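Notes for the one structure printed next.
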Amino acid sequence: MLEELVKQALVGTGRAPEKVTFTGQLGQAIGSLPAGSPETMLLQTAALCSAYQRCGQKPTTAALEANLASADHLAESSPRAGQIVDQLLAAPDSQISQHLIVEWFQHASASNQRVPHWLLPRVLDYAAGHKRWRSVIIPTIDVRGEWLMKLNSRWQFAMTADADVDQIWQTGNQDQRRTAIRQLRETDSTRARSLIESTWDQDAAEERVDFIESLAIGLGPTDEPILEKVLDDKSKRVRLAAAELLTALPQSAFVRRMTERAIPLLNFVPPVAGQILKLKRAKPATIDVTLPPEQFDKALVKDGIVEKPTENMGIRQWWLLQIISFVPPLTWTMRWNLTPEQCIEALGEFGDVVFRGWQLAAKRCSDQAWLRTLTLAAVKENIEKLDLSVLNILHRTDQLEVLTLIAESPRTELDALVRILDASKCELDRRATLAVIDKIEYQLSLKAAAYQYHLAQLLQNLALRVPPQMHDELTTRWADQKWEANRKALDQFFELLVLRRDMKREFSTHER
Amino acid sequence: MQLAPDPASAKAGQGLSSIRKWVSVGCDAGAVWGECQGSGAKPYQVQVELAESAFKCSCPSRKFPCKHSLGLMLLWTANEVKVSTRPAWVDEWLASRADRAKKKQEKAEEPPKPLDAEAQGKRRAKRVDRVREGIASLRIWAEDLIRTGIASAPSQGYGHFDEPARRMIDAQAPGAARMIRQLGSIAMSGAGWQEPFLRQLAVLHLLTSAVDQIENLPKQIGEDVLTVIGVPQGQDEVLGRAGVADRWHVLAQEVELEDRLRVQRTWLFGSTTRRPAMVLTFAHGTGPLDASLQPGTGFDGEVCFFGDNQIRAAVKNKSTAVLLEGLPGLESLDAACAVFGRLLTGLPWLEEAVVPLRAVVPTHIGEQWYLTDARQEAMTLNCSNSGGWLLMALSGGTPIDVAVAMDGSRLRPLAAMVGGRYATLTVRADVGG
């Protein structure tokens, strides 16, 4: 009813002094208004109409279809825990905030607690924007969260699992296909493999590498034919990816071929005991290395071996390195009936090359015994030999042992420690923490008055990794250390640690 | 943590919730105290009186409560503060508090000082005169606007409205100034601005007419008009009247920044009188806002209204606050409309009133949200999409109690009561988009 008045007001009463007429009660009321200028009349009429409308507002009938969420299964996390994650979610996105958020959800999952309802929209938004953390977040949203997800298209990211994989495979983008095939590999590895084969000829090299790598999930002898076939691929990267996976299949023809090539190259010479008459001196065990023939065997290319060195080393050593790296290290321990330690001890000429080959091979086969021994040996001898990417393949206990050893070694410089701690991802235990702490204190005693960049880095890394319950202990221990120039780094360290401690405490004291 | 004046303080308080930062801490049944090493040489003395959540800290921060007080409270709630004997400085403070409380009590019991009614009346009359001059110019401004047409309003920018708003401030009519600024915001609000703009302009115009004829209006309505314009009666005078006794529920609280002034609106609802009330308090800059009324609590007491038709009120006396377990609100949207209509009849300038609704279900069509009551009647919500999803998450499809601000067309959800727990609905934007 205001529309006519609005029209007039828009052009102005100066230009369109028409009169709008109203009927009924409202018309009567308007009729009784004292006369005045057109402006006054319009405004007075509008005021009356507006009041008339606002006073008489009524709800409209609406048939509501009931859509009730059923009861949750988990207990709600404590109010304080909710406040903590609320603050974290509102903080600017950073590696630190992500780490803390993930830690919160891990605590929640571990203590069977759910996100409070009022936080669900924020949490689901976060999950929508942070794909890699979804698997940690989703178990804590419980029934109500899943109910909400179904209602908001923005939150329907988790539904892909139920969607038709074939459809995604045909029409999805690279990212969706990548996720779909990895999920399918977990549940139905054969079907995933045939999907990969079905479009192999059309897929780009980058995608092909990606799909071959996905076969690492649930890898088994049935995957050998496709991998063997792919060794002929045009792309070098695809060939290498296939060769790496085949190394982890000890019964494969590929491993057999590589082993045949490798055996003549390494020859174990047992120790010779010294004779009493000292005509002969005692000789320790050694591994004699024969370099591959000078003529490059073209068949090697097919098995993923690159002819020209990509780094500065002799060409035949380069071939040696690659051949060893495709032979499961278990081959050597079985063949020579030795422990990995004994094998490493016996290395002599070209020892560094063989050592690197073994490191690669152990990594490809995830051979824990070999990985552990190689890593410890590298740490003892020369940290520079350590392949940092190995750290996270190691079991946590072995990883912690390595980290402790590194931190305890007086030769370890602070910057190397920072690098190594950055590379490893596991939570530290008390022992490893104390070893790092000792290192920090030693460094402080050297030059407390100077700001130390690496120290700040180390503390930041440590703040997210040390057991949060060590907060109080560290507080006492560092109460009268000489921090001076590094005070700020210390404050930030404790700020994070106290938050982590509170978080852990919130979940453990409210455990239900 | 809800006591924190802003998120930065909340974060800083969290940072101080480590025993490491504290030189000493202690507590007993009535209070918590501690000495916190800040940037100064001397540690700050921080103390909290538990019964009334009163804070004191020797730090120079103008935030209230400051981060030290918040940190101390967090430590205390984490059971890290050991019971010990009060140091002298805490005793002093508590004693001075008790003293002040006693004086206040005595003052309250004293018969109110006979006001110098004559002088006060004169002062006010002078002010009303000045307001009238200003308002007269506003009337001309409004009519000019209509004569030349309002179509160009959005293109003229806020400045076009700032100037007359400032004139109203000069004329000591802050209420009118605020309405003009709102008019500016409506003009800038994008598609569909025209009708609300005309409504608001008409209301302003109506106000000018009322001021013009204020002598001819019944006294009570005259007072209402002055209150709307921003010339309310003195708080003392209002509190001198008979109050409305009820169990009052604190439904919601909103803080708005007007220039450098923070304006806090606390919305109350009388559980038997079914009368909405709004308590206004102010704070300059980062100064403390009144914290005596906490949303989600209720009290028995008397509330004095600034006029019979007004919703603006002041609390005359109150019992200790109790936590609410539900919002015994209006049983239907229809009833809510009736309450609002009645208020509007008495006070046509009323912008919003907050009422509690019992057992309503949130629904949405696209990004438009609705509340539906038990009678299967619905009203449109005025909330962000994130606000809608928050309601949805809380309700899970089942009926919940919601406190809404009514403006005669849409409902603005402010708080919900679910499973006996109070939840504020004024969320940060950007969720669920």
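Would you say residue B:238 is within 14 Å of another protein chain (Cβ to nearest Cβ), assigned to a helix (DSSP H, G or I) and of a type outside the set (Ser, Thr, Tyr)? It is false that residue B:238 is within 14 Å of another protein chain (Cβ to nearest Cβ), assigned to a helix (DSSP H, G or I) and of a type outside the set (Ser, Thr, Tyr). Could you pull out the residue among A:204, A:192 that is in contact with a Leu (Cβ under 6 Å, 6 or more places away or on another chain) and within 30 Å of residue A:157 (Cα to Cα)? Sole residue among the options that is in contact with a Leu (Cβ under 6 Å, 6 or more places away or on another chain) and within 30 Å of residue A:157 (Cα to Cα): A:192.
I'd like to verify a number: residues in the stretch A:334-346 that are surrounded by 19 or more Cβ atoms within 10 Å (Cβ to Cβ) and either in contact with a strand residue (DSSP E or B) (Cβ under 8 Å, 6 or more places away or on another chain) or of a type outside the set (A, V, I, L, M, F, W, C) (or both), how many? Within the stretch A:334-346, residues that are surrounded by 19 or more Cβ atoms within 10 Å (Cβ to Cβ) and either in contact with a strand residue (DSSP E or B) (Cβ under 8 Å, 6 or more places away or on another chain) or of a type outside the set (A, V, I, L, M, F, W, C) (or both) number 3.
Under the condition of being in contact (Cβ under 8 Å) with a residue 40 or more places away in the chain and facing chain A (nearest Cβ under 8 Å), which residue from the stretch B:393-412 is farthest from residue A:49 (Cα to Cα)? Steps first, answer last, please.
Taking the stretch B:393-412 first, the residues in contact (Cβ under 8 Å) with a residue 40 or more places away in the chain are B:399-408, B:411-412.
This time we only want the ones that are facing chain A (nearest Cβ under 8 Å), so: B:407-408.
Values: B:407: 15, B:408: 12 Å.
That would be B:407.
Among the strands (runs of 3 or more DSSP E) confined to the stretch B:242-298, the ones with at least 1 residues that are under 11 Å from residue B:354 (Cα atoms) and β-branched (Val, Ile, Thr) are located at B:244-258, B:261-270. When A:485, A:435 are screened for being out of contact with any Pro (no Cβ under 7 Å at 6 or more places or on another chain), of a type in the set (A, V, I, L, M, F, W, C), in a helix (DSSP H, G or I) and surrounded by fewer than 18 Cβ atoms within 10 Å (Cβ to Cβ), only A:485 passes.
So, in the stretch B:171-203, how many residues would count as being more than 14 Å from chain A (Cβ to nearest Cβ) and more than 22 Å from the chain's Cα centre (by Cα)? First the steps, then the outcome.
Initially, the stretch B:171-203 is screened for residues more than 14 Å from chain A (Cβ to nearest Cβ), giving B:171-178, B:180-182, B:184-185, B:188-190.
So of that shortlist, the ones also more than 22 Å from the chain's Cα centre (by Cα) come out as B:171, B:184, B:188-190.
Of the residues in the stretch B:171-203, 5 are more than 14 Å from chain A (Cβ to nearest Cβ) and more than 22 Å from the chain's Cα centre (by Cα).
So if I check each of B:343, B:327, B:350, which one is closer than 30 Å to residue B:238 by Cβ and more than 12 Å from chain A (Cβ to nearest Cβ)? Answer to the check: B:327. Can you tell me which residue among A:32, A:111, A:78 is in contact with a strand residue (DSSP E or B) (Cβ under 9 Å, 6 or more places away or on another chain) and more than 14 Å from every other protein chain (Cβ to nearest Cβ)? The match here is A:111. What pairs come out if I take residues in the stretch B:139-151 that are more than 8 Å from chain A (Cβ to nearest Cβ) and pair them with residues that are in a helix (DSSP H, G or I) and small (Gly, Ala, Ser) whose C-beta lies under 8 Å away, six or more apart or interchain? Between residues of the stretch B:139-151 that are more than 8 Å from chain A (Cβ to nearest Cβ) and residues that are in a helix (DSSP H, G or I) and small (Gly, Ala, Ser), the close pairs are B:139/B:209; B:145/B:153.
Restricting attention to the stretch B:249-263, which residues are under 8 Å from the mean Cα position of the chain (by Cα) and either closer than 25 Å to residue B:341 by Cα or surrounded by 21 or more Cβ atoms within 10 Å (Cβ to Cβ) (or both)? Correct list: B:252, B:253, B:254.
Going through A:43, A:89, A:48 one at a time, which residue ends up being crowded, with 17+ Cβ neighbours inside 10 Å, in contact with a Phe, Trp or Tyr (Cβ under 8 Å, 6 or more places away or on another chain) and free of Cβ contacts under 8 Å to residues at least 40 places away in the same chain?
On the way: A:43 fails: in contact with a Phe, Trp or Tyr (Cβ under 8 Å, 6 or more places away or on another chain); A:48 fails: in contact with a Phe, Trp or Tyr (Cβ under 8 Å, 6 or more places away or on another chain).
Exactly one residue qualifies, and that residue is A:89.
Does residue B:206 satisfy the condition of being surrounded by fewer than 17 Cβ atoms within 10 Å (Cβ to Cβ), more than 22 Å from the chain's Cα centre (by Cα) and closer than 22 Å to residue A:33 by Cα? Here the answer is no, as residue B:206 does not meet what is asked. Within the stretch A:95-107, can one find any residue that is within 14 Å of another protein chain (Cβ to nearest Cβ) and charged (D, E, K, R)? Scanning the stretch A:95-107, I find no residue that is within 14 Å of another protein chain (Cβ to nearest Cβ) and charged (D, E, K, R), so the answer is no. Give the residues of the stretch A:2-17 that are surrounded by 13 or more Cβ atoms within 10 Å (Cβ to Cβ) and more than 7 Å from chain B (Cβ to nearest Cβ), sorted by residue number. If the condition is that a residue be surrounded by 13 or more Cβ atoms within 10 Å (Cβ to Cβ) and more than 7 Å from chain B (Cβ to nearest Cβ), then A:4, A:7, A:8, A:16, A:17 are the ones that fit. Pairs please, first residue from the stretch B:360-384 and free of Cβ contacts under 8 Å to residues at least 12 places away in the same chain, second anywhere and surrounded by fewer than 22 Cβ atoms within 10 Å (Cβ to Cβ) and not in a strand (DSSP E or B), Cβ atoms under 8 Å, 6+ apart in sequence or on different chains. Between residues of the stretch B:360-384 that are free of Cβ contacts under 8 Å to residues at least 12 places away in the same chain and residues that are surrounded by fewer than 22 Cβ atoms within 10 Å (Cβ to Cβ) and not in a strand (DSSP E or B), the close pairs are B:370/A:62; B:376/A:62; B:376/A:63; B:376/A:64.
When the stretch B:209-222 is examined, which residues are found to be buried (at least 21 other Cβ atoms within 10 Å of the Cβ) and of a type in the set (Asp, Glu)? So that I can check it myself, show each step before the final result.
Looking only at the stretch B:209-222, we keep the residues that are buried (at least 21 other Cβ atoms within 10 Å of the Cβ), and these are B:210-211.
Of everything in the stretch B:209-222, nothing turns out to be buried (at least 21 other Cβ atoms within 10 Å of the Cβ) and of a type in the set (Asp, Glu).
Considering (1) touching an Asp or Glu at 6+ places or on another chain (Cβ under 8 Å); (2) touching a residue at least 40 places away in the same chain (Cβ under 8 Å); (3) part of a loop (DSSP other than H, G, I, E, B), the lone condition that residue A:218 does not fulfil carries the number (2). Residue-level check: of (1) surrounded by 14 or more Cβ atoms within 10 Å (Cβ to Cβ); (2) facing chain B (nearest Cβ under 7 Å); (3) under 30 Å from residue A:142 (Cα atoms), residue A:68 misses just (1).
Exactly one residue among A:409, A:389, A:366 is modelled with pLDDT under 95, surrounded by fewer than 21 Cβ atoms within 10 Å (Cβ to Cβ) and on the phi > 0 side of the Ramachandran plot, and that residue is A:366. Scanning the stretch B:364-379 for residues that are at the interface with another protein chain (Cβ under 9 Å from one of its Cβ atoms), assigned to a strand (DSSP E or B) and either more than 27 Å from residue A:142 (Cβ to Cβ) or in contact with an Asp or Glu (Cβ under 9 Å, 6 or more places away or on another chain) (or both) gives B:377, B:378, B:379.
Scan the stretch A:327-375 for residues that are of a type in the set (A, V, I, L, M, F, W, C) and under 27 Å from the mean Cα position of the chain (by Cα) and the total you get is 9.
State yes or no: is residue A:121 within 14 Å of chain B (Cβ to nearest Cβ) and surrounded by fewer than 16 Cβ atoms within 10 Å (Cβ to Cβ)? First the steps, then the outcome.
Values: within 14 Å of chain B (Cβ to nearest Cβ): yes; surrounded by fewer than 16 Cβ atoms within 10 Å (Cβ to Cβ): no.
Considered against the rule, which asks whether it is within 14 Å of chain B (Cβ to nearest Cβ) and surrounded by fewer than 16 Cβ atoms within 10 Å (Cβ to Cβ), residue A:121 comes out as no.
When B:333, B:344, B:371, B:323 are checked against the criterion of being under 22 Å from the mean Cα position of the chain (by Cα) and buried (at least 17 other Cβ atoms within 10 Å of the Cβ), B:344 stands alone in meeting it.
Residues in the stretch A:1-39 that are in contact with a Pro (Cβ under 9 Å, 6 or more places away or on another chain) and in a helix (DSSP H, G or I): A:8, A:38. The set of residues in the stretch A:332-391 being closer than 30 Å to residue A:220 by Cα and of a type in the set (Gly, Ala, Ser) consists of A:357, A:361, A:362, A:366, A:369, A:389.
The values are calculated or read from the model by the stated rules, or taken from the named source; none is laboratory data. It should be emphasised that the depicted structure is a prediction, and the values quoted were computed from it without experimental measurement. All Cβ positions, even for glycine, are placed from backbone atoms using ideal geometry, and neighbour counts span all protein chains on display.
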